[in-house]
1. What does the structure give for A:37-47 when I average, per residue, the other chain Cβ atoms found within 10 Å of the residue Cβ?
2. Shielding of B:33-42 by partners, i.e. mean partner chain Cβ atoms within 10 Å per residue?
3. Which order do the peptides B:48-57, A:51-60 come out in when sorted by mean C-beta neighbours inside 10 angstrom, highest first?
4. Please list A:18-29, B:164-175 highest first by mean number of surrounding beta-carbon atoms within 10 Å per residue.
5. When a/c is below 1.5 the answer is rounded, else prolate if a/b is larger than b/c, else oblate, so apply that to chain A with a ≥ b ≥ c taken from the square roots of the Cα gyration tensor eigenvalues.
6. A:K87: which lysines have alpha carbons under 29 Å from its alpha carbon, excluding same-chain residues fewer than 8 sequence positions away?
7. Only helical DSSP H runs with n ≥ 4 go in: add -39500 (n - 2.57) per run for chain A, normalise by residue count and round the 222 nm mean residue ellipticity to 500 deg cm²/dmol.
8. Given the -39500 (n - 2.57) contribution per DSSP H run of 4+ residues, what per-residue ellipticity at 222 nm results for chain B, rounded to the nearest 500 deg cm²/dmol?
Amino acid sequence: MPANPFNGFTDYGIGIGLRVPHYEHILSQKPAVDWFEIISENFMVDGGRPLKVLDQILEQYRVVQHGVSMYFGSSEKLNREHLKKIKRLVKRTKTPWLSDHLCWGSVDGRYTHDLLPMPYTFAAAKVTAQRIREARDFLEVPICVENVSSYAEFHVSEMTEWEFLNEVVERADCGILLDVNNIYVSSRNHNFNPLDYVNGVPADRVAQIHIAGHSKFQKYILDTHDHPVIDPVWKLYERAIQRTGRTATLLEWDDRIPSFDEVHDEALKANQFLQRVEKAAART
Amino acid sequence: MARAVMRPLSRGDGMQKRWVDGRPTRAVAESFIKPNDRLTSFERLEIYNRQYWFRIRDCFYEDYRGLRAILGDKKFERLADEYLARYPSQSYTLRNLGSRLVKFLQAEPQWTRPRTKLALDLARLEWAHIEAFDNEARPALKLEDLANVDAARIRLQLQPHLTLLKLENVVDDFLINLKKNSGLRSEASNAMEQTRHRKKTKLAHGLKRQTNFLAVHRYQDGIYYKPLESGQFLLLSALQNGATLEKAVVKLATLKISGNPGETVGKWFANWAALGWFCGLEK
């Protein structure tokens, strides 16, 4: 869906994550980029260079906020002070939508700084959806939840991950940030067909797609965001856009970050798939 | 699960084989995590346990490169694990990981002996650096704003990014050199990290022992360590602690100030105002 209520009826193209090693290049060369995704937490500060750089970026580019600490799946009450900080940043960036993960990560005020997998139960879906609604009402911006990569599954789960995602987003009436790399990583770690996942999510709720690279180990795959996107992940991307249409797409590259051009070129490979899918759609 | 994830690793950086109550951790993991055809429940849980520690250690190591250099790798790593286990993150951002380190080092000198004072100096300076990097900068007062104020009633507020330090060792140049060729600080992301092979840190020797005073602050987005005279430190500390302008200046009476004291103090204020250190007047 090029534009839908979950991405603020925008039609963004292909973006990349805004990362420190690229600041100088972006600010001095001003390369043409459709949009940048920022990690909200890196800019939820009171001053200094991060905000100055952000303001300079905002003068030239469209920016979308992506968070790693809202922990919609935690059972505690949402932290109002934390939400206020996010809201201050939302006002600054004018992000048309805001995403965070379908996970948990803090207990009793202690933070793991990780995106921990949830038990896929109806009770958890209900609590999570409620927290997403509360956050959206407070922040006054559409919220999308992202599926995470995971390395463990729980005995108590009552459904598949994509059924759980559907349950949450329907209850919360929110959007999806579909990470096709995460789907691939989890499918290999948990032995399911990743196409079942891509085919199983409600296409009309997908507001954004993430692509990324990962690292393969002997017994599992780790979501490291430090490699180019592999072909099977591009295939999942192609299938996703067959279902959703042209959708805001973002390449994540967070470690061993190569030059700006290399990262951007990798992201722009998505165009090949978009064109192929659109041509095929035009023929039918 | 959180308890297992945040529990300290065993010596070989694996998950501890025994749970807190003496049961095999394997049995605890099996009680809530499914195995698959390649990994046991224990191994799956261990991935998260290891990633948690790799992530927070990496961040802590980056933030305290100076402390690591004066303690040496092994000692620093033991200290880091103990501190991080005792004081897990209570903030959404890893930036605040070291917020309780100075307190910890003061309470438990055994982790830094025999270089405890030096370690404390480095920990204070490195935390001040973090604070200077992204704390708030409020609109600064100009020197003219300070003219004709009632010194007996006025309290001057200092910028939140400014930290005043009294140190027992000269550590500022050492830390500047150490940071010169360092990489950029990692950002938060949702990616897992692979174990990094860090370069061995060379032990720092020959740091000069001498009481000195520093103002760690931000100016035009750069972070600076500005040496202070003892009188300047006394005066600024008094202001930072809420003394009126008059009471803060009176503290200088016990010190010898070269030249014309009134003129000298006036120059100090002009310099500090030019650096934007004053950000509010309170009556």
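Laboratory data are not the source of any read-out in this text; all were calculated from the coordinates shown. Quick caveat, the model's predicted, so the values are computed rather than measured. Cβ: placed from backbone, ideal geometry, glycine included. Neighbour counts: every protein chain shown.
1. Taking the mean over all residues of the peptide, I get 5.
2. 4
3. On the way: B:48-57: 21.2, A:51-60: 15.4.
Ranked from most to least packed, the peptides come out as B:48-57, A:51-60.
4. Packing order, densest peptide first, comes out as B:164-175, A:18-29.
5. Cα axes put chain A in the rounded bin.
6. Leaving aside lysines fewer than 8 places away in the same chain, those within reach of A:K87 are A:K30, A:K52, A:K77, A:K126.
7. Working: 10 runs with 118 residues, N = 284.
Calculated from helices alone, the mean residue ellipticity at 222 nm is -13000 deg cm²/dmol.
8. Counting only the DSSP helices, I get -13500 deg cm²/dmol.
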